[in-house]
1. Which of rounded, prolate or oblate describes region 178-227 when judged by the alpha-carbon gyration tensor and an a/c cut-off of 1.5?
2. For a quick check: with amide H placed at 1.01 Å from N, whose amide H comes under 5 Å from residue 127's, ignoring anything fewer than 5 positions away on the same chain?
3. Using modelled backbone amide H atoms (1.01 Å from N, in-plane), which distant-in-sequence or interchain residues come within less than 5 Å of residue 173's amide H?
4. For region 100-115, just list the computed ³J(HN,Hα) in residue order, Karplus coefficients 6.51, -1.76 and 1.60, θ = phi - 60°, integers in Hz, with x standing in for Gly and Pro.
5. Evaluate E = 1/(1 + (r/R0)^6) for residue 208 and residue 131, where r is the Cβ-Cβ distance and R0 equals 41 Å; express this FRET efficiency to the nearest 0.05.
6. For labels at residue 93 and residue 67 in the simple 7 Å Cα→Cβ model, what's the distance in nm?
7. Between residue 52 and residue 156, what FRET efficiency follows from the Cβ-Cβ distance if R0 is 41 Å, with the result rounded to 0.05?
8. I need to check one value: relative contact order of region 76-227, counting alpha carbon pairs closer than 8 Å and at least 6 residues apart, in percent.
Amino acid sequence: MKQHRSINDARPRRHIRAALALAGLTAGVPALAHASSLDQRRFELRPNPAVVRCLAQFPDDPTRPPQAIVTVRRGNLNDRLTIQLKNIRDGLAFDMFTVERSSLFPDGTVDPVAKAKGFGLAWYQSDLEVRNDSRNETTIQTVLVDQIFGFDADTDVALDPTNTFHVGFWFNRPEDAFDCHFTGFTPFNGEHHAGPLAMISVPDEDTKLGPLCFDPDFSTDPVSCNP
């Protein structure tokens, strides 16, 4: 369960955060900042360079690039994610997933071996639509922060618990990316006939983890996430 602790375990994390905040009154701002960072995060997705012109509302204006701004807030039983789309062409529809791996480096450039590695485990989270208004905002509520994972106990597959700490979305219609030399389709929608990746989060430069890991564990190699 989300943030479950037995009677013999340490205090629930919400109490730990409160203690950190109280300590911050005497120890200074860093404790407060750390407590806050465990509760909420805001980050932007980066566009897939191969299809950015099919995505952009203003493809010839570098001052108004496509934007996807994500805000994630930790909750006691589950978490809330809000994604706001800006400067994206009206009428486009997308399918949002959390995935195991990003196809981009931390600086937003393409990982040259990403195609061979793939995105790993993927969870379908929501549809997104761009309408003729200024907000284009979608909210989901589910387990996300530090604990989002999937597994398959089937002995033939034997997929161990696998975290999906990245957020990305794909064109719902393959034809919306034809002008960007995309052909074929991907499985990233309910009909398993979607277009290419549109935008995705990037790994943290230090931890190499996706942004849904708020509390990395630097004592492991590679860095893991404290659930």
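1. Numbers: a/c = 4.03, a/b = 2.65, b/c = 1.52.
Prolate is the answer for region 178-227, as a/c is 1.5 or above and a/b outweighs b/c.
2. Answer set, sorted by chain and number: 96.
3. Here 93, 195 satisfy the definition.
4. Values, residue by residue: 6, 10, 8, 8, 10, 6, x, 8, x, 7, 6, 6, x, 9, 4, 5 Hz.
5. On the way: r = 36 Å, r/R0 = 0.88.
Calculated transfer efficiency: 0.70.
6. 2.7
7. Working: r = 40 Å, r/R0 = 0.97.
The calculated FRET efficiency here is 0.55.
8. 26
Bear in mind these aren't lab numbers, they're just calculated from the coordinates by the rules spelled out. Predicted model only: the values in this text are computed from it and were never measured. Virtual Cβ from ideal backbone geometry, glycine too; neighbours counted across all protein chains shown.
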